[in-house]
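Working notes, structure below.
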Amino acid sequence: MRINQNENGVGGSTNGVSLNSNGDSQNATNGQALTSNRIQRARRQELVRLMVQAMQDMGYSQSAVTLEKESGFPLESAAVAKFRDGVLKGDWTLVESLFPTLELDQNKDVVVVRFLIRQQKYLELLETRHIKKALIVLRNELAPLDFNSERLHSLSSFMMCSNAEDLRRRAEWDGAKGTSRQKLLAEIQKYISPSIMVPEHRLETLLEQATTLQRISCLYHNSSEYISLYSNHVCDRSQFPSVTTHIFRHHSDEVWYVAFSNNGKFLASASRDKTAIIWSLETWDKVHVLSDHTDCVSFLSWSPDDTKIITCGQDNVLKLWSVESGSCLSTMKKHEEPVTACAWLPDGKWFISGSQDKNTYLWNLDGTTIHKWPGARIADLAINKEGTRMVAICHDNKIHIYDLITKKEEATMEENAKLTSICLSSDCKYALVNLSTKEIHLWDIDERRIVRKYLGQKQGKFVIRSCFGGIDQGFIVSGSEGFV
C-alpha cells in the first residue's frame, strides 16, 4: 500500500509538474508566436520599402506611391525625405537642422557629416565666385570642427583658383550642377542607419548578391550565361571537356610543351625530337615544322600579336621564328647551358629568357641583350600582363619576383621542395607552383604567402605543369604522371 501511495504521490507530483510545464510551454509558444509575428512584420516592411525604392528607380513613381499607401510602410519618414531633398537642392541650413532625425553618433558621425556638408557648401560658394562667403564658411564653420586638418588645408588652397573651371579641376569635383550632390548624399548615407535611409539601389544590390552567391555555390560553374533568379543555378559536371576530339601526330619523340596562340587559332608544340610544330586548330593540320634546333626543344612562347614564336631548349640557344613563313628570323647565343623558359613582354618588342647557367636575359628583337639578372638557375618564369613584373622559380627551391621597370628583385619566397613550373593568373595576383612532392601551391604574389595547397597529382620524373581554367579561372588544371 505504501508503495502504491508513494507511486500515486509521485504520480500526482508528476501530474502537477506536467500542468506547470504545459503552462510554461504554452507561454513559450505564445512568446515564440509573437516573436515570429514581429519578425514577419519587420521582414514585410523591409521588402515593401525595397520594392518602393526599386519602383522609383525604374520610373514607376505612381505605383510606388500606391504601394506605400496600401501597405502603410513609407520608404522614408517625412524628415528623412526633406533631408534627402535638401542635400540635392543645396539647402544646407535645412539639412543641418534635420540631423536629430538621422540617429547619428553624436560623438563622431555628426562631425564627419557636418564636415562633408560644409565642404560642399564651401566649394559651391567658390564655384559661384562668392569668395567672402566661402571664406566665412571656411573660418567659422569648417575650421571649428577640428576635423581632417590636411583636407582643410587643401580646401583653403582652392581660394587661389582663378575661375570655376580651375576649381573643379584642382578639387577633382564636378560642381553643383554635376553629380557632386548625389555623391555627397551617397557618402553621408554611410553614417546613417540603413533603417532610417535605405541605401541606394538596395534591391538591385541584393539581387546581384544572390546571383553571385549562386555562382560561388555552384561546384562546377563554368558558364558565362545569365543567371536567372527564377530557379537555383546549377552547372552540370558533364560540360567539362572529357572526350578527346583530335590527336596531333607528327613528332617522333616526347612532347615537352604546348601553347595556344593568343587568338586561339593555332597550337604550337615543343618536342624532344628537336623540333617545334605549329598546328592549325581549324584544319587540324600542321602549318610549319620549326626544325633548326640541334637538341631537344623544351619551351616556346607566342608573341602578343601571334606573328612570331620564340623557341628554346637543350642546345643553349633561343630562336625567333616567323609564324607566317615558318622561317627562323634570328638565333640568340648567349646562354652557356640549356634555356629552360622564355616569355614576351606585352608590347611584343622585348622578351626574357631563363637558363640553368644562372643568368636571365632581357632581349630585343634584333637579338641584343638589354639587361641581365644573374645568380639563379631558372626552371620557369612568367610575366604579368602589364609587363611590370616577372615571377621566376629556380633550382634552389625559391620563387623570385622582379620589378621590370627598375630591373630590381622585389622579393624571394622559399619552398621546401624542388619547383618545376609556374603559372600566373590572368589578374597576376596569384601564382601556381608545381612541386616535386606531388603538391601544387597557390601563392598570393602581393602578400607573399601560400593561400592553398592542391594534392593528388603524381610528379617525380617529368616536369608537370598546371594552369588556371574556367570562365572566371575558378579551377586548377594539372597534368600527372600517374593518371589524367
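Numerical summary
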item	result
Set 280, 261, 269, 298: member being under 36 Å from the mean Cα position of the chain (by Cα), in the same structural domain as residue 351 (by TED's automatic domain parsing), more than 20 Å from residue 318 (Cα to Cα) and modelled with pLDDT of 95 or more	280
Number of positions in the stretch 456-468 that are assigned to a strand (DSSP E or B) and over 25 Å from the mean Cα position of the chain (by Cα)	0
Any hit, the stretch 54-63, residues being in contact with an Asp or Glu (Cβ under 6 Å, 6 or more places away or on another chain), buried (at least 17 other Cβ atoms within 10 Å of the Cβ), part of a helix (DSSP H, G or I) and not assigned by TED's automatic domain parsing to the domain that holds residue 142	no
Residues located in the stretch 212-227, provided they are in a loop (DSSP other than H, G, I, E, B) and either of a type in the set (Val, Ile, Thr) or modelled with pLDDT of 90 or more (or both)	227
The stretch 103-130: number of residues that are in a loop (DSSP other than H, G, I, E, B), in contact with a helix residue (DSSP H, G or I) (Cβ under 8 Å, 6 or more places away or on another chain) and charged (D, E, K, R)	2
Filter pass, residue 274 being modelled with pLDDT of 95 or more, of a type in the set (Lys, Arg) and either surrounded by 16 or more Cβ atoms within 10 Å (Cβ to Cβ) or more than 36 Å from the chain's Cα centre (by Cα) (or both)	yes
Every residue from the stretch 469-484 that is part of a loop (DSSP other than H, G, I, E, B), over 22 Å from residue 217 (Cα atoms) and not hydrophobic (A, V, I, L, M, F, W, C)	479, 480, 481, 482
Any hit, the stretch 244-258, residues being assigned by TED's automatic domain parsing to the domain that holds residue 367, in contact with a Phe, Trp or Tyr (Cβ under 6 Å, 6 or more places away or on another chain), assigned to a strand (DSSP E or B) and not aromatic (Phe, Trp, Tyr)	no
Restricting the stretch 75-91 to residues that are touching a residue at least 12 places away in the same chain (Cβ under 8 Å) and part of a loop (DSSP other than H, G, I, E, B), the residue that is farthest from residue 194 (Cα to Cα)	90
Which numbered condition residue 317 misses (of (1) assigned by TED's automatic domain parsing to the domain that holds residue 211; (2) among the hydrophobic types (A, V, I, L, M, F, W, C); (3) more than 35 Å from the chain's Cα centre (by Cα))	(1)
Residue 182 vs. criteria in contact with a helix residue (DSSP H, G or I) (Cβ under 8 Å, 6 or more places away or on another chain) and within 26 Å of residue 99 (Cα to Cα)	yes
Unique match (being outside the structural domain of residue 335 (by TED's automatic domain parsing), modelled with pLDDT under 95 and not polar (S, T, N, Q)) among 404, 419, 424	419
Pairs, first loosely packed, with under 15 Cβ neighbours inside 10 Å in the stretch 146-161, second of a type in the set (S, T, N, Q), C-beta under 8 Å, six or more apart	151/119
Index of the failed condition, residue 209 passing every other in (1) modelled with pLDDT of 90 or more; (2) in contact with a Lys or Arg (Cβ under 9 Å, 6 or more places away or on another chain)	(2)
Spans of strands (runs of 3 or more DSSP E) in the stretch 395-452 with at least 1 residues aromatic (Phe, Trp, Tyr), in contact (Cβ under 8 Å) with a residue 12 or more places away in the chain and under 21 Å from residue 359 (Cα atoms)	398-403
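The values are calculated or read from the model by the stated rules, or taken from the named source; none is laboratory data. Here the structure is a predicted model, which means the values were calculated and not measured. Cβ atoms come from the backbone with ideal geometry, glycine included; neighbour counts cover every protein chain shown.
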